[in-house]
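Accompanying notes for the structure given below.
Just so you know, all these numbers are worked out from the coordinates, no wet-lab data involved. Small disclaimer: the values here were computed from a predicted structure and weren't measured. Note: ideal-geometry Cβ built from the backbone for every residue, glycine included; neighbour counts use all protein chains shown.
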Amino acid sequence: MAGAKHLLARTGLAAVACATLIAAGAAARAETAIEVVMNQAKIVRIARPADTIVIGNPEIADASVQDATTIVLTGRGFGVTNLVILDAEGNPIVDEQVVVSRQTANSVRVYRRADVQTLSCTPYCESSYKTEAERMSEMEMSTSQ
């Protein structure tokens, strides 16, 4: 009986250790993601000249080359995708997640039953420009309610 309790205690410690490592790995991945605000650009500088640039989902983010070591990422839709940059020999320079989110600091959403209106309050609140991704997101939110 004492051996079984000892085995359970060791198994419990191993489970806690595994959970801690998984949580630490997830936090590390979240810290390394490139965060871009929707409809805004972010400059990414790389160590070596780029030859090939791949965006996992071009509806979420877009990349354009400024020069051999400067890439401009633009948030096009909400979500997570990835960015892969290869040098001339095909070796990876960058392989990171890209997280595109909505700027919430200066915006307000008004819900009227099934209708959603986003206002940009900079400094006065007025209807903001909506991309196709934002319109689709609002339609999905209103149909799920």
note = For region 33-101, one quarter of the surface area of the C-alpha convex hull, expressed in nm², comes to 3.7
ask   = Amide H of Asn82: which non-local residues (sequence gap of 5 or more, or other chain) have their own amide H closer than 5 Å, using H built in the peptide plane?
value = Gly56, Asn57, Val98
ask   = Each residue of region 56-61 in turn: what ³J(HN,Hα) in whole Hz from Karplus with 6.51, -1.76, 1.60 and θ = phi - 60°, glycine and Pro shown as x?
value = x, 10, x, 7, 8, 9
message = Just to confirm a number: summing +1 for Lys and Arg and -1 for Asp and Glu over residues other than Ser137 whose beta-carbon lies under 15 angstrom from that of Ser137, what do you get?
response = -1
ask   = For the residue pair Asp87 and Arg109, what label-to-label distance in nm results when each label sits 7 Å from Cα along the Cα-to-beta-carbon direction?
value = 4.4
